[in-house]
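Below is one structure, written out as structure tokens; the observations come after it.
Each value in this text was obtained by applying a stated rule to the coordinates, not by laboratory testing. Quick caveat: nothing in here was measured; it's all calculated off a predicted structure. Neighbour counts are summed over all protein chains in view; Cβ atoms, including those assigned to glycine, are modelled from backbone coordinates with ideal geometry.
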Amino acid sequence: MAAYLIANIDVSDPAGFAEYRQKVEPVIAKFGGRYLVRGGEQRRLEGNLALHRLVILEFPSLDAAQRFYDSAEYQPLLKLRAASTKSDVVLVPGYSP
């Protein structure tokens, strides 16, 4: 079943984050992931959730998403993202009736 990495990213260092964005895409693909949402316009319909830059990645499974996040390839990129942003990140399973 598909799984999703959802990140709410508040960028504090645009240059550092630009480097992260450039380097992370091939690592995401290596673990079977793909972007579904990568920032862009947001239209608030209800509530007061403080969203900044919303990113949603789809992976083939929770295990694949966790392997991506824990991978040796991602760890230096995670440090780069952490140094250039304040982020909230979650992994969630997809829905299967």
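Before rounding to the nearest 500, sum -39500 (n - 2.57) across all DSSP H runs of length at least 4 in the chain and divide by the residue total; then give [θ] at 222 nm in deg cm²/dmol.
For the chain, the value works out to -11500 deg cm²/dmol.
Please give the FRET efficiency for Y69 paired with N48, using the beta carbon to beta carbon distance and R0 = 22 Å, rounded to the nearest 0.05. Kindly include the intermediate steps, with their values, before the conclusion.
On the way: r = 28 Å, r/R0 = 1.28.
Working from the Cβ atoms, E equals 0.20.
Report the gain in length on full extension from A2 to V92: 0.36 nm times residue separation, minus Cα-Cα distance, nm rounded to one decimal.
Between A2 and V92, full extension yields 31.5 nm more.
Tell me the label only: which of [x] 38, 11, 8; [y] 20, 20, 10; [z] 30, 14, 11 is semi-axes √(5λ) of the Cα gyration tensor in Å as calculated from this structure?
Matching entry in [x] 38, 11, 8; [y] 20, 20, 10; [z] 30, 14, 11: [y].
When only DSSP loop residues count, what trypsin sites (Lys or Arg not before Pro) in region 33-79 have their Cβ near at most 14 other Cβ atoms within 10 Å?
Values: sites: R34, R38, R43, R44, R53, R67, K79; in loops: R43, R44.
Passing both the DSSP loop test and the Cβ count: R43, R44.
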